[in-house]
Amino acid sequence: MGRFAVVDIGTNSVKMCVADVAGDRLIPIADEVRVTRLGEGVHATGRIGEAAITRTVDALREIVDEIRSRGAGEWAAVGTMALRRARNATEFIDRVREACGLEIEVIPGEEEARLSFLAALTGIGPVEGRVCVFDTGGGSTEVIFGHGSRIVRRYSIEVGARRPTEELLRTDPVTDREMESLLEYVDRGLGKFARWTGSLIGVGGTLTSLASVMHRMVEYDRDTIQGSVLTAAEVDRQIETYRRLPIEGRKKVVGLVPERADIILAGATIVGSVMRKLGVAELTVSDGGLRHGVLYDRFVRRAPPDTGTGRAGPIDP
């Protein structure tokens, strides 16, 4: 047995998990999410802003203190789309190293996809036959097709919740025209999908938020979220709710973390579009995320075989 920690520095949030590893099992000790909006404005300027750097460095300093207090013997930290895209990513990485000694590895989109697939399957449990996992975040959406635990094709698409929120949804609440622009942006950005017959699993903060709202959770309960079934009708219902509410109104929706109120409409729209393109009526939600996939991959070492990658559409298993 050993105690390990992983930090995931994403476009919208920083996530941390400290876990004990016993054989092939992860036993979470601490699991936290902090919304820091690192990728705020990156698509427009190509750079991470000073305010976003300060917010994220401050959060990471506290997270590292928490990891140390929990007695983790070995750590890993990964960065995703915002750090892949920003011209000053190295400056940010250096600032973090100086502030708290954390070394950040910026991973490619295809590697993020592989680790998301691993996280989903280890969280939900063994899946027989054809399975598709998708993870939509602040800066990108990963779509992975597999058979059982074997990856067949994986894609990382530069469509996330942060950019369309900043560039298209300028009115509060959004106008009908802005909603049409959002739908067009997501549909065009995701491209064409082949229709899917098999299991569909969704991971990431948008998916767990939608499930939390569906269950009307006052306090987040991981055991309830894990394995929840989210229907296309429920996703459409929530999209309609968020498009009609101002951001302050969304913050009062039971089950929704207030810090996600600004990007939840774009995130839910991406989820709805993926389901429509695949032609599926429901999906299973996994509470496992990238940080859990890294924990398994680096410290449990149960990574599934990977036989293919893909970047361009149409997305076809």
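Just so it is clear, none of the values below were taken in a lab; they were calculated from the coordinates. A quick note: this is a predicted structure, and the numbers were derived from the prediction, not measured. Cβ placement follows ideal geometry from the backbone for every residue including glycine, while neighbour counts extend to all protein chains displayed.
Quick notes on this one:
- Dipole orientation for the chain: of the candidates Thr36, Leu190, Thr165, Leu190 has the Cα lying most toward the positive pole (charges on Cβ; Lys, Arg +1; Asp, Glu -1).
- Protection-proxy order for peptides 250-261, 135-146, 218-229, each taking the mean of Cβ atoms within 10 Å per residue, highest first: 135-146, 250-261, 218-229
- Charged neighbours of Ser13, selected by a Cβ distance under 9 Å, balance to +2 (K, R count +1; D, E count -1).
- Pairwise centroid distance, computed over Cα atoms, of segment 8-24 with segment 77-141, Å: 10 Å
- Over segment 207-293, relative contact order from alpha-carbon pairs under 8 Å, at least 6 apart, %: 45 percent
- Between Gly148, Val203, Thr269, the Cα set farthest toward the positive side of the dipole of segment 109-293 (charges on each charged residue's Cβ, about the Cα centre) is that of Gly148.
- Given +1 at the Cβ of Lys and Arg, -1 at the Cβ of Asp and Glu and no other charges, the dipole of the chain around its Cα centre is 440 debye to the nearest 20.
- Summed side-chain charge close to Asp221 - residues other than Asp221 whose Cβ falls under 14 Å, Lys, Arg +1, Asp, Glu -1: -2
- Mean separation of Cα contacts under 8 Å (6+ apart) over length of the chain, as relative contact order %: 21 percent
- Protection proxy ranking of 31-44, 3-16, 175-188 - average other beta-carbon atoms within 10 Å, highest first: 3-16, 31-44, 175-188
- For segment 1-79, taking Cα atoms only, Rg and Dmax work out to 14.2, 46 Å respectively.
- Range of Cα positions in the chain per principal axis (Å), largest first: 51, 46, 39
- Overall form of segment 137-235: oblate. Here a/c, set by the Cα gyration tensor axes a ≥ b ≥ c, is 1.5 or more, and a/b is not larger than b/c.
- Working note: 222 nm ellipticity from helices only, DSSP H runs with n ≥ 4, each -39,500 (n - 2.57), summed and divided by the residues of the chain, gives -12500 deg cm²/dmol to the nearest 500.
- Counting every pair of alpha carbons in segment 109-293, the share spaced more than 29 Å apart comes to 15 percent.
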